[in-house]
1. Go through the stretch 63-97 and report how many residues are part of a loop (DSSP other than H, G, I, E, B), away from the ligand (no atom under 13 Å from the Cβ) and open to solvent by 30 Å² or more (accessible area, probe 1.4 Å).
2. Does residue 105 fit the bill of being of a type outside the set (Asp, Glu), open to solvent by 90 Å² or more (accessible area, probe 1.4 Å) and away from the ligand (no atom under 16 Å from the Cβ)?
3. Which pairs turn up if I take residues in the stretch 26-53 that are of a type in the set (Phe, Trp, Tyr) and look for partners that are open to solvent by 40 Å² or more (accessible area, probe 1.4 Å) and more than 10 Å from the ligand (Cβ to nearest atom) with beta carbon separation below 9 Å, at least 6 apart in sequence or on another chain?
4. Conditions first: (1) surrounded by 10 or more Cβ atoms within 10 Å (Cβ to Cβ); (2) over 13 Å from the mean Cα position of the chain (by Cα). Residue 6 passes all but one, so which condition is the exception?
5. Could you list all residues from the stretch 45-61 that are closer than 16 Å to residue 34 by Cα and part of a helix (DSSP H, G or I)?
6. Please work out which residue is nearest to the ligand (Cβ to nearest atom), limiting yourself to the stretch 13-37 and to residues that are loosely packed, with under 13 Cβ neighbours inside 10 Å and within 20 Å of residue 124 (Cα to Cα).
7. Looking only at the stretch 6-26, decide whether some residue is of a type in the set (Gly, Ala, Ser) and in contact with a helix residue (DSSP H, G or I) (Cβ under 9 Å, 6 or more places away or on another chain).
8. For the stretch 108-143, which positions are at pLDDT below 75, surrounded by 15 or more Cβ atoms within 10 Å (Cβ to Cβ) and in a loop (DSSP other than H, G, I, E, B)?
Amino acid sequence: MIRRSLGELYESIREFLVVTDDDGVVIGCAALHVFWQDLAELKCLAVAESAQGRGVGRMLVDACWNAARELEIQSVFTLTYVAEFFEKCGYQRIDKADLPHKIWNECVRCPLFPSCNENALIRTVGAPATLAGTNHALATVEA
Ligand SMILES: CC(C)(COP(=O)(O)OP(=O)(O)OC[C@H]1O[C@@H](n2cnc3c(N)ncnc32)[C@H](O)[C@@H]1OP(=O)(O)O)[C@@H](O)C(=O)NCCC(=O)NCCS
């Protein structure tokens, strides 16, 4: 995951969704960054190790999708090393070259640029997403 300064995090704080446990401790987060009228990126997805495997990641991915739909955004993409996880959440693999150049602005700051092995996946309204939207309710999602 890309390192971010505290300032950057404050600037983008409203893009984040978090899951908290019963004590209000954050156990997972994800961000939805709007790129264009019809395109947003799901980024910064992370679940605390102690909370993994309990549906928190899927809950965050679903919540980002719902946030995009509220904005009437048709497609959400992600760049990730855990492609299989996103496939289980209804995303489909695409060629990274199919994404607009604008999305690479942040990648140039990554130590692995330009030869990272991240996979690009996308979910689009109307595309088959048979596994998406499954309810694994565990905690609350807060924006
Ligand atoms: C990847 C990650 C977000 C998954 O979160 P999680 O809360 O453990 O996942 P869930 O419990 O919601 O899992 C949902 C489904 O995905 C599967 N899954 C979880 N992690 C997976 C992985 N790494 N690869 C493949 N499948 C995975 C689960 O088995 C589950 O499948 P099921 O519905 O058939 O039972 C979490 O492991 C994590 O934060 N990893 C470290 C940071 C990271 O890699 N972030 C992604 C950067 S884009």
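1. Kept after step one, since they are part of a loop (DSSP other than H, G, I, E, B), are these residues of the stretch 63-97: 71-74, 81-82, 89-91, 95.
Now drop any that are not away from the ligand (no atom under 13 Å from the Cβ), which leaves 71-74, 95.
In the following step, the residues that additionally are open to solvent by 30 Å² or more (accessible area, probe 1.4 Å) were identified as 71-72, 74, 95.
The total comes to 4.
2. Working: of a type outside the set (Asp, Glu): yes; open to solvent by 90 Å² or more (accessible area, probe 1.4 Å): yes; away from the ligand (no atom under 16 Å from the Cβ): yes.
So residue 105 fits the description; yes.
3. 35/100; 35/102; 36/100; 36/102
4. (1)
5. 61
6. This residue is 36.
7. So the first thing to find is which residues in the stretch 6-26 are of a type in the set (Gly, Ala, Ser), and the list is 7, 12, 24.
Filter once more, so that each one left must be in contact with a helix residue (DSSP H, G or I) (Cβ under 9 Å, 6 or more places away or on another chain): none.
No, that holds for no residue.
8. Scanning the stretch 108-143 gives 129, 132, 138, 139.
The values are calculated or read from the model by the stated rules, or taken from the named source; none is laboratory data. Because the structure is predicted, anything quoted here is derived from the model rather than measured. In this analysis, Cβ positions are derived from the backbone assuming ideal geometry, glycine residues included, and neighbour counts consider all displayed protein chains. When the accessible area is computed, the model is the full protein with side chains, heavy atoms only, and any ligands, DNA or RNA have been set aside. Shrake-Rupley method; radii C 1.70, N 1.55, O 1.52, S 1.80 Å.
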